[in-house]
Each structure stands twice: as structure tokens, then as C-alpha cells.
1. Using θ = phi - 60° and the Karplus form 6.51 cos²θ - 1.76 cosθ + 1.60, what ³J(HN,Hα) does each residue of region 42-58 get, whole Hz, x for Gly and Pro?
2. Give the cross-link partners of Lys24 among the lysines, using a straight C-alpha distance below 22 Å as the criterion and excluding same-chain residues fewer than 8 apart.
3. Arranged from highest to lowest average of other beta-carbon atoms within 10 Å per residue, in what order do the peptides 55-68, 32-45, 72-85 appear?
4. In bins 10 Å wide, starting from 0, what share of all Cα pairs of region 15-67 does each bin hold, as a percent?
5. Expressed as a rounded percentage, what relative contact order does region 15-67 have, with Cα pairs under 8 Å and six or more residues apart?
Amino acid sequence: MTRLRAPRPIGRPRITPDVVLADKAYSSRAIRRHLRRRGIRAVIPQPSDQAANRKRLGRLGGRPPSFDREAYKKRNTAERCINKLKVRHEVAHVKRESHEGRRDVLTPD
């Protein structure tokens, strides 16, 4: 029994979030599709122009994406907390370039 081993992936364990909270700027079909494929619930409000285009198309526009108002309120709380840390200079917002593209990173100041 001591020679039996279960193979484990190398590196830290990957954990996907249950929910992604974002503002209207991230309400594209591509982002929603990507989150849906990964099994992540999107709590993103729909911009008024997207809603108007969907309604203009009638039944071909599809149904509106789901939106949980109570979960979206938590986004505001988290954002205010990060902004307070930025004001106190405990955290810095840095944009980093890599071969994969640009990333926004919060780093200790």
C-alpha cells in the first residue's frame, strides 16, 4: 500500500469562482459566453442600448440575461474597500504588459 500514489497536478490548486460581479462595461456576449462555458454565474447589469437592441429584434432578440440585484450590491462594497486601501497607499493598482496581454494587478505598496 505504501507504493500506491495518486497523481496530483503540479502547482497551486485552481479554483473557479461561483459568481463574477462586474459593471455594465463587461456585458458583452463573448464575456457572458466564456463565463457560461466555465460554469460561472455572471452578475452583470445590461446596458440600456443592449436592452433596446434586444427589444427591437422582438422574439429573435432572445430573453434578457439574469441579474441578481442583491449579489450586485456586494460588488459596490468590495470596490469601496479596495479604493480605501488605495487612498491609504496600502495597495497600488499597476498595469502590467506581458506576451498574453495587459493585466491589471493590485500589489502591496
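1. My calculation for region 42-58 gives 9, 10, 10, x, 8, x, 5, 5, 5, 5, 5, 5, 5, 5, 5, 6, x Hz in order.
2. Lys55, Lys73, Lys74, Lys95
3. Numbers: 55-68: 10.1, 32-45: 14.6, 72-85: 12.2.
The packing order, highest mean first, is 32-45, 72-85, 55-68.
4. Bin by bin from 0 Å, the calculated values are 24, 52, 21, 3.
5. Details: 49 pairs, mean separation 18.6, N = 53.
Relative contact order here is 35 percent.
Since every read-out is calculated from the coordinates, none of them should be taken as a lab result. All values derive from a computational prediction rather than experimental measurement. Don't worry about glycine lacking a Cβ; one is built from the backbone with ideal geometry, like all the others, and counts go over all protein chains shown.
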